[in-house]
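What follows is a set of notes on a single structure, which appears directly below.
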Amino acid sequence: MGIKVILARILLFIDVFFEIRRNKYLFFTLLSGIIFLFSFDFGMFWDNVLFTSKIGNHLYNNSIFDWMLPNNLDAGHPPTLGFLLAIFWKIFGHKLWVSHLLMVPFTIGFFYQLFQFIKFYTKSNLYSFFAFLLILVDPTLSTQFVIVNPEIIQLFLFFLAINSILHNRIQLKTISLFFLSIISLRSMLLCGGVFLFEILNRYYFNKRKESVLSKKLIFSYIIIGIPAITYLLVHYISKGWLVSHVNSPWADHRQFISFDGFIKNILVLGHKYLDFGRFIICMLIIFVFIKYKKNVFDKKVMQLLLLSFSSVLLVIIISLLSANPFGHRYFIVSYIVLNLLSFIFMITFFRKKRVIYTLIFLTLLTGNLWVYPKKIAQGWDATLGHIPYHSLRIEAIDYLNNQKIDITNVASFFPNNTALDNVDFSEDKRAFISFNKKNKYAFYSNVYNLSDENLNILETNYSILKQFKKNNIIVIIYILNEK
């Protein structure tokens with residue numbers, strides 16, 4: 001192939017790429033399709049084994065309207081995602097790819113709403129496009145696109161509501177928050193965060209201060225609260241509890257903590273904002289604040305700072321007071337807003353914009369390569385670094401089958417100590433058992449975040465029977481040492 005032909009094809013590709021970029025609807029649809037094709041065979045992961053397959057299967061096999069779940073499946077959240085999955089399974093079949101297919105329209109919707117949000121502040125299609133890419137490359141956000149979970153649904157409805165507020169579309173805001181309020185307990189808190197943002201935004205940036213708490217605003221939030229309040233009331237009347245009960249598997253996570261635990265949670269929260277490369281976002285923002293001081297605080301910056309804080313304030317308060325080890329994804333909306341703020345600072349206060357943009361982009365991208373020592377817990381559902389686990393898990397299961405090792409006698413750990421069908425919809429009802437420290441075989445991966453005690457037992461009392469490794473992810477089949 002001649003050099004002229006190669007150059008012509010490169011130029012054609014560039015032309016097609018930029019034509020797609022100009023047609024954002026096509027671009028968002030194409031991007032969502034690529035994500036689906038890349039991830040449609042990724043099994044259920046972490047908490048989503050409960051919120052997708054277990055709850056979804058219960059509704060699918062019984063009634064899709066049976067929202068009062070058995071206590072062993074009921075974590076207090078509305079089973080909205082399981083409900084949507086059950087509907088899709090009844091239409092397209094009870095398959096793993098169908099579960100991922102459900103997420104595609106919400107992904108497209110989120111992309112569009114995110115772009116509209118960015119453009120409101122950048123006023124430029126070109127800047128909006130590059131800010132959009134910079135935000136998507138955040139490891140915690142990008143990971144949600146390849147995992148079947150409620151996050152993208154919540155993000156779509158959240159930014160639809162925020163855009164409606166920014167453009168003064170009360171009816172659309174009411175509709176988006178109406179549905180957001182019934183996705184999960186955390187989505188209810190996000191609705192509260194939106195309310196807080198709207199009140200503060202009206203107070204600081206509207207000249208008519210008397211309209212801050214208008215009758216129309218109050219009435220809209222009364223309507224918004226109907227689904228959440230109805231679910232919580234019916235749940236309490238039926239069960240006698242809201243988020244936890246004495247025998248709940250999640251009871252320990254819902255307890256209030258001591259002062260020492262509160263301080264520890266503050267440190268953990270700070271770590272979430274710095275983790276997986278986000279430290280560079282925080283460094284840039286702090287640098288600009290220190291160097292330019294009062295010159296920084298225009299309406300655009302103040303509004304973004306307000307949104308980054310108020311939107312997750314209720315989530316932060318509950319997280320800091322709870323023994324639950326809260327995840328990175330709880331604060332994604334805040335990460336997105338701060339990322340956009342850093343982009344605006346970059347194009348406003350720096351000359352070498354391309355250099356800084358490239359540095360931030362690569363730092364966030366390589367954040368997916370961060371792996372902590374195995375005795376330090378890591379948010380594996382917040383990094384694309386976990387992706388090799390899905391294929392390694394299948395390889396390890398094939399090895400067990402080929403070696404005639406009965407999976408029902410193999411111990412494993414959260415989230416793998418469940419039926420195979422709950423992860424990959426293989427119709428294989430065999431299940432790993434929970435580790436009791438004396439099992440003959442143990443199925444381990446570094447994405448399981450084991451306790452120090454269990455890690456020490458595996459290293460001391462067990463030997464490696466077979467190991468599978470890809471990039472930074474390992475899956476090990478252990479066998480108990482003979483005495």
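A few comments on the model shown:
- Pairwise Cα inverse-distance average, inverted: Kirkwood Rh of the range 270-337 (Å): 13.3 Å
- Highest average packing first - 415-423, 347-355, Cβ atoms within 10 Å: 415-423, 347-355
- Taking 25 Å as the limit for the C-alpha separation, the pairs 272/437; 293/352; 272/294; 24/293 exceed it in the case of 272/437; 272/294; 24/293.
- Placed amide H near residue 462: partners under 5 Å, 5+ positions off or other chain: 481
- Potential lengthening between residue 289 and residue 456 on full extension [0.36 nm per residue; Cα-Cα distance subtracted]: 55.5 nm
- Computed packing ranks the peptides 436-445, 155-164 as 155-164, 436-445, most packed first, by mean other Cβ atoms within 10 Å.
- By average C-beta atoms within 10 angstrom, highest first, the peptides 294-303, 50-59: 50-59, 294-303
- Accessible area expressed per residue, the chain, with surrounding protein chains retained (probe 1.4 Å, Å²): 48 Å²
- For the pair residue 124 and residue 219 in one chain, pulling the backbone fully straight at 0.36 nm per residue adds 30.7 nm over the alpha carbon distance.
- Dipole magnitude of the chain about its Cα centre (Cβ charges: Lys, Arg +1; Asp, Glu -1), debye to nearest 20: 1960 debye
- Among the trypsin sites (Lys or Arg not before Pro) in the range 358-418, those located in a DSSP loop and surrounded by at most 14 other Cβ atoms within 10 Å of their own Cβ are 375, 404.
- Put a plus charge on the Cβ of each Lys and Arg, a minus charge on the Cβ of each Asp and Glu, and nothing anywhere else: the dipole of the range 130-251 about its Cα centre is then about 540 debye.
- Bridgeable aspartates and glutamates around residue 123 (alpha carbons under 18 Å apart, same-chain partners fewer than 8 residues away excluded): 298.
- Apportionment of accessible area to carbon and sulfur, the chain, percent (1.4 Å): 64 percent
- Residue-averaged 222 nm ellipticity for the chain, from DSSP H runs of 4+ at -39500 (n - 2.57), nearest 500: -19500 deg cm²/dmol
- Taking GluC sites (Glu not before Pro) as exposed when their DSSP state is a loop state and no more than 13 other Cβ atoms lie within 10 Å, the longest site-free interval of the chain runs over 1-426.
- Dividing the mean sequence gap of close Cα pairs (under 8 Å, 6+ apart) by how many residues the chain holds gives a relative contact order of 15 percent.
The values are calculated or read from the model by the stated rules, or taken from the named source; none is laboratory data. If you're wondering where the values come from, they're calculated on a predicted model, not measured in any experiment. A quick note on method: Cβ atoms are made from the backbone with ideal geometry, for glycine too, and the neighbour counts reach across all protein chains shown. Please note that ligands, DNA and RNA were not included when accessible areas were found on the heavy atoms of the full protein model with its side chains. Shrake-Rupley method; radii C 1.70, N 1.55, O 1.52, S 1.80 Å.
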